[in-house]
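Step one of this worksheet: look at the structure below.
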Amino acid sequence: MILQETSATGSGSWTARSSTSYLGGKSYSSGSKGASLTWTFTGRSASWVVSRASTSGQAYVYVDGVKVGTVDLKSSTTLYRQAIWTKTWSAGAKHTVKIVVVGTSGRPTVTTDGLVYLK
């Protein structure tokens with residue numbers, strides 16, 4: 001299942017963009033430190049899908065309220081629909097995944113295509 005950004009709970013400033021290059025045809029971008037998106041779903045595996053470029057920044061990833069890592073989206077070439085982070089659980093259950101823009105100096109922008117999960 002694909003969860004678009006429109007199904008996420010967001011805070012801060014996000015800009016919507018439409019293109020066939022994006023997963024589901026749409027992406028959200030933010031360069032605002034602390035801007036966040038939270039998805040809630042019931043499943044056993046989840047992947048955060050992003051677009052990457054040389055100017056892309058970093059994001060914190062939280063699962064069920066716990067920070068699990070920092071992801072760097074920087075890439076020497078522009079890449080779309082990239083599963084940059086994945087988490088698997090032993091059984092399907094209700095989970096939340098939250099991403100928070102770090103606001104990396106010189107390259108703050110995070111572009112997210114959505115969350116893909118398996119029931």
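The values are calculated or read from the model by the stated rules, or taken from the named source; none is laboratory data. Just so it is clear, the structure is predicted and the values come from calculations on it, not from any experiment. Here the Cβ is made from the backbone with ideal geometry for all residues, glycine too, and neighbour counts use every protein chain on show. SASA here: full protein model, heavy atoms, side chains in, ligands and nucleic acids out. Shrake-Rupley method; radii C 1.70, N 1.55, O 1.52, S 1.80 Å.
Structure notes:
- For the residues 76, 90, 45, the requirement of being of a type in the set (S, T, N, Q), over 18 Å from residue 29 (Cβ atoms) and touching a Leu at 6+ places or on another chain (Cβ under 6 Å) singles out 45.
- Screening residue 48 with (1) open to solvent by 70 Å² or more (accessible area, probe 1.4 Å); (2) within 19 Å of residue 81 (Cα to Cα); (3) not hydroxyl-bearing (Ser, Thr, Tyr) gives one miss only, at (1).
- Residue 78 falls short of the stated requirement of being of a type in the set (Ser, Thr, Tyr) and under 18 Å from residue 8 (Cβ atoms).
- One residue from 53, 59, 16 being modelled with pLDDT of 95 or more, within 14 Å of the chain's Cα centre (by Cα), under 18 Å from residue 108 (Cα atoms) and aliphatic (A, V, I, L, M): 59
- Of all the listed residues (24, 10), the sole one being at pLDDT below 95, over 15 Å from residue 85 (Cβ atoms) and either open to solvent by less than 20 Å² (accessible area, probe 1.4 Å) or part of a helix (DSSP H, G or I) (or both) is 24.
- Scope the range 55-81; condition under 18 Å from residue 19 (Cβ atoms) and either open to solvent by 60 Å² or more (accessible area, probe 1.4 Å) or out of contact with any strand residue (DSSP E or B) (no Cβ under 7 Å at 6 or more places or on another chain) (or both); matching residues: 55, 77, 78, 80, 81
- Looking only at the range 27-42, and only at residues there that are over 14 Å from residue 117 (Cβ atoms) and open to solvent by 30 Å² or more (accessible area, probe 1.4 Å), the one that is modelled with the lowest pLDDT: 28
The rows are residues; the columns are (1) under 20 Å from residue 16 (Cβ atoms); (2) outside any strand (DSSP E or B).
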{"residue": "32", "(1), (2)": "yes, yes"}
{"residue": "39", "(1), (2)": "yes, no"}
{"residue": "90", "(1), (2)": "no, no"}
{"residue": "98", "(1), (2)": "yes, no"}
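- For residue 97, the test of being over 17 Å from residue 15 (Cβ atoms), open to solvent by less than 40 Å² (accessible area, probe 1.4 Å), touching a residue at least 40 places away in the same chain (Cβ under 8 Å) and under 11 Å from the mean Cα position of the chain (by Cα) is passed.
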